[in-house]
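A.B. asks: Here it is, the structure in full.
The values are calculated or read from the model by the stated rules, or taken from the named source; none is laboratory data. Because the structure is a prediction, the values reported are computed rather than measured. So basically every Cβ, Gly included, is an ideal-geometry build from the backbone, and we count neighbours across all protein chains shown. Side chains included, ligands, DNA and RNA excluded: accessible areas come from the protein's heavy atoms. Shrake-Rupley method; radii C 1.70, N 1.55, O 1.52, S 1.80 Å.
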Amino acid sequence: MAVLVCSMAYGGQPPTAAPTGGPELRALVAAIEGYSADTAAVEWRQRTYLPPCQLAHRPTWSLLESSGRYMDERWNWGLDIRHRRSGPEDDWNVTFKEEVSFGNGGVRACADLDLDEGMLTEPTNFHVWGPTLWGCLGRLTDLQATRRGRSLPEVIAAASSREYLEPTASEPWPGIRARDAAPISAGALDLEVRVDPDHGFCPRVIRLVRLGTGQVGEETRVVDVFEAERGVWLPRIAIVHGYEALERVPELPPERLQDFERANSLEGLPLDEFGVGEALRGQMREIFEGGWKPGSIVIGTVYLPIGAGRPDQEIVCPQVLFIESATLTPRTPLRRFADRMLSDTRMYDGLTGVWTTWREMRPGAMRLLGEPQEAR
Amino acid sequence: MMLAMVVLALGTCPGQPPAPVSEPPAEPFRLISATPEDLGTVHGGVAVVRELRFRNTSEHALRPRISWVSCGCLQATAKPEAVSPGAEFTIRIVGTAVPAGPAQDLSAKYVVSWSVDEQLRSVEGEVVVRYSPSTDLVVRPTEIAAWCVAGEPLRVPMWVREATTNAMAPDALRPVISAGPGLWIQPVAFQDVTAPDGPSAVRAGLELGPTPPGIFDGWVSVGSAPEAAALRVPIRVRTVLPWAASPGAARLRASVGEPARAEVRLRPVGSSTELPACTLEVEPGIEGLSATIEGTTIRLAVTRLRGPDGAVVVVRGPDGALMARVPVVLWPTQRAR
């Protein structure tokens with residue numbers, strides 16, 4: 001006899017209370033909540049680039065992935081991804097498979113299109129890993145429950161305190177610092193978010209800073225935006241940093257320093273294709289160059305982009321995200337991901353433990369995913 | 001009591017010092033301590049660790065290393081790399097317990113080598129750690145995120161099946177709800193979804209009671225008996241109000257000292273399609289800011305923008321029920337620094 005015991009707990013102040021604090025803080029809290037409502041569902045195409053790294057045979061910035069994606073506040077999501085790295089070296093073609101997966105907060109259907117095989121099971125975190133437009137909107141700051149992430153207003157509302165951040169010379173946008181906003185297993189993080197009033201309060205900086213040490217853990221810098229709908233601006237180019245702590249300032253070999261220089265040159269990034277002008281290129285260089293300078297935490301401890309400070313490891317940060325297109329009003333997005341899977345695809349039903357085909361599985365699976373009209 | 005802590009590949013008895021490959025017993029090292037091999041019942045996600053400590057009893061420098069692990073998820077270490085005569089070394093394996101299934105064995109093989117007259121000698125050993133997952137049931141999903149409209153029912157599907165055999169009939173698996181005080185999950189509906197030739201399985205539809213707006217975190221635990229250690233499935237529920245503003249906020253922008261206006265429309269999010277007559281409250285009140293509603297359109301105006309400020313228009317139905325809330329942003333178009 002199996003027994004289910006259930007408990008629900010109040011998970012932080014819901015964003016339903018009237019904004020508190022000074023007038024500027026109240027204004028930004030309301031603006032971020034409004035922006036979050038405007039971007040509650042997004043379908044987009046993106047490309048992500050990895051920095052140069054001689055150790056990994058990447059002499060220039062290189063394409064990591066190209067994908068079509070969908071995410072919404074109901075925790076529905078879709079991912080159509082090609083693991084296609086554009087490394088010029090022959091020995092560097094890592095994987096070339098194409099995978100489609102989609103689901104909601106409890107169920108995932110996925111298929112490897114090369115193998116014609118897939119499964120219906122529970123979600124993994126794959127669709128929320130790495131730079132995404134959804135992450136640039138501040139919806140993936142819950143490091144303890146990434147794929148069940150809260151929105152920025154939800155995170156800010158649940159923080160132990162909030163303070164207004166004045167614009168600065170290097171970050172000329174107002175912002176909010178939310179204390180202890182992103183709990184993780186090993187401690188807690190402050191959230192700093194700066195939004196752009198002249199572009200519909202689109203997030204420009206999202207930064208997670210470890211309490212106590214001041215170490216930046218993750219940082220998203222949106223360097224270009226576009227108007228997806230009247231008054232609603234979305235990130236178009238973003239630089240996403242992930243940092244790691246080191247015990248001391250590392251002594252790096254010339255090859256590693258050369259990697260940094262190559263990253264600063266921007267070579268390999270599709271800047272002409274995206275019409276990136278000199279001013280914006282200058283901003284991007286500045287952000288990259290700043291990243292290679294070890295950030296000081298406490299005496300004798302520094303932090304650098306992940307991999308950069310360890311000569312025997314691949315440099316994996318920062319990564320640059322380019323948004324090719326996006327819509328805020330997608331129609332039947334999950335069904336389109338479902339259509340990418342061939343009817344004869346062999347499928348394992350991980351919920352009940354049996355093998356079947358996508359043709360047989362699809363009606364029931366789509367009902368689980370909130371598409372009951374698919375029952376046919 | 002488990003005595004079989006080290007199984008030597010060369011055929012010596014468990015717990016005995018390993019023998020060299022091609023020499024009469026030289027006993028180059030000796031086991032001096034070991035943590036238990038059988039850890040009993042372990043909850044999913046908990047670290048499973050076994051550590052063996054040896055002393056170099058020979059007059060040679062020993063080099064221990066890991067040669068094989070039973071699972072890629074297993075971390076195995078042999079430290080230090082070089083062990084002087086009389087010094088100690090440690091073989092350690094660390095895994096993570098799976099939440100369900102039959103008894104689990106995790107193992108790693110290690111090789112200890114040394115040189116005698118420039119000839120390399122070695123012995124191989126194996127370290128094993130064993131545990132039983134805390135439940136014999138497989139539950140899917142193991143983590144849930146759900147969305148619902150305030151005041152409307154929410155049903156969350158779950159699947160429970162027996163982990164090892166097909167012998168258990170669905171009736172025996174049929175879970176029974178047991179809610180403690182203050183818990184608000186409604187009775188669970190079950191459906192037999194046992195497939196021909198497949199494992200026995202039941203689908204459990206958790207029906208959650210009405211929830212106030214916001215994010216709520218909780219859990220459901222599943223065990224094979226009331227007293228059995230449970231598998232905890234975290235649940236996050238996002239509950240939204242039945243009507244939402246479009247655009248998402250009323251943004252009043254003008255130069256400081258100038259009047260400003262904005263307009264939003266309310267659209268249904270849940271099953272209701274007609275907005276009843278509603279009242280508006282602005283929280284907190286802002287001098288000169290007014291809000292009116294006509295049909296589904298809310299109009300806001302401020303007589304003179306004084307600087308950045310923010311508020312919320314709270315929309316309530318005839319019975320006082322919360323229908324929507326509209327963020328209000330006042331932000332100067334050109335702001336003095």
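A.B. asks: Work out the length of the dipole vector of segment B:251-337 about its Cα centre, built from +1 on the beta-carbon of each Lys and Arg and -1 on the beta-carbon of each Asp and Glu, and round it to the nearest 20 debye.
C.D. replies: 480
A.B. asks: Please name which of A:V100, A:C53, A:L351 has its Cα lying farthest along the dipole of chain A towards the positive end, using unit charges on Cβ (Lys, Arg +1; Asp, Glu -1) and the Cα centre as origin.
C.D. replies: So the residue furthest toward the plus end is A:L351.
A.B. asks: Full-extension gain between B:T41 and B:S272, please, as 0.36 nm times their residue separation minus the C-alpha to C-alpha distance.
C.D. replies: Details: separation 231, 0.36 × 231 = 83.16 nm, distance 4.98 nm.
My answer for the length gained is 78.2 nm.
A.B. asks: If r is the Cβ-Cβ distance from B:Q119 to B:Q75 and R0 is 35 Å, what FRET efficiency results, to the nearest 0.05?
C.D. replies: It comes out at approximately 0.60.
A.B. asks: Right, another one. Taking 0.36 nm per residue of sequence separation and subtracting the Cα-Cα distance, how much length would be gained by fully extending the chain between A:T124 and A:S265, in nm to one decimal? Before the final figure, lay out the partial values.
C.D. replies: Values: separation 141, 0.36 × 141 = 50.76 nm, distance 3.59 nm.
Additional length available on full extension: 47.2 nm.
A.B. asks: Relative to the Cα centre, what is the charge dipole magnitude of segment A:228-304, using +1 at the beta carbon of each Lys and Arg, -1 at the beta carbon of each Asp and Glu, and rounding to the nearest 20 debye?
C.D. replies: Values: 8 positive and 13 negative charges, 52 e Å.
Taking the Cα centre of segment A:228-304 as origin, the dipole is about 240 debye.
A.B. asks: Sticking with this structure for a sec: Check each of the chymotrypsin sites (Phe, Trp or Tyr not before Pro) in segment A:105-198 and keep only those in coil by DSSP with at most 14 other C-beta atoms within 10 angstrom; list them in order.
C.D. replies: When the chymotrypsin sites (Phe, Trp or Tyr not before Pro) of segment A:105-198 are filtered for loop state and at most 14 Cβ neighbours within 10 Å, A:W129 remain.
A.B. asks: Something else about it: Using only the C-alpha atoms of segment A:214-367, find the volume of their convex hull and express it per residue in Å³. Before the final figure, lay out each step's value.
C.D. replies: Numbers: hull volume 33.9 nm³, N = 154.
That works out to 220 Å³ per residue.
A.B. asks: Ignoring everything except DSSP H segments at least 4 long, calculate the 222 nm mean residue ellipticity for chain A; use -39,500 (n - 2.57) per segment, divide by total residues, nearest 500.
C.D. replies: That comes out to -5500 deg cm²/dmol.
A.B. asks: Moving on. Treating only the Cβ atoms of Lys and Arg (+1) and Asp and Glu (-1) as charged, compute the dipole magnitude of chain A about its Cα centre; round to the nearest 20 debye. Provide the component values of the computation, followed by the final result.
C.D. replies: Details: 41 positive and 54 negative charges, 176 e Å.
For chain A, the charge dipole is close to 840 debye.
A.B. asks: Please work out the C-alpha center-to-center distance from segment A:231-264 to segment B:40-115 and express it in whole Å.
C.D. replies: Taking the Cα centre of segment B:40-115 as reference, the centre of segment A:231-264 is 37 Å away.
A.B. asks: Quick one: how many Å² of B:K109 are accessible to a 1.4 Å probe, rounded to 10?
C.D. replies: For B:K109, solvent-accessible area is about 70 Å².
A.B. asks: Oh, and also: Rounded to two decimal places and with Rh computed the Kirkwood way over Cα pairs, what is Rg over Rh for segment A:23-327?
C.D. replies: My calculation puts Rg/Rh at 0.95.
A.B. asks: Please work out how much length the chain gains when fully extended from A:T327 to A:E278, using 0.36 nm per residue of separation minus the C-alpha to C-alpha distance, in nm with one decimal.
C.D. replies: Stretched fully, the A:T327-A:E278 segment lengthens by 14.9 nm.
A.B. asks: So, taking all protein chains as they sit and a 1.4 Å probe, how much accessible area belongs to B:E27, in Å² rounded to tens?
C.D. replies: That residue has around 100 Å² of solvent-accessible surface.
A.B. asks: Label point 7 Å out from B:I32 along Cα-to-Cβ: which residues of segment B:58-81 have amide N under 12 Å?
C.D. replies: Counting only backbone N, you get B:58.
A.B. asks: Would you please give the FRET efficiency between A:D116 and A:D339, computed as 1/(1 + (r/R0)^6) with r the Cβ-Cβ distance and R0 = 22 Å, to the nearest 0.05?
C.D. replies: That pair, A:D116 with A:D339, gives E of 0.90.
A.B. asks: Efficiency by 1/(1 + (r/R0)^6): what FRET value for A:E229 and B:A82, r their Cβ-Cβ distance, R0 = 45 Å, to the nearest 0.05?
C.D. replies: 0.10
A.B. asks: Using only protein heavy atoms and a 1.4 Å probe, report how much of B:E152 is accessible, in Å² to the nearest 10.
C.D. replies: The value for B:E152 is about 50 Å².
A.B. asks: Residues with amide H under 5 Å of B:A61's amide H, sequence separation 5 or more or different chain, H placed in the peptide plane at 1.01 Å from N; which?
C.D. replies: Long-range HN contacts for B:A61: B:S115.
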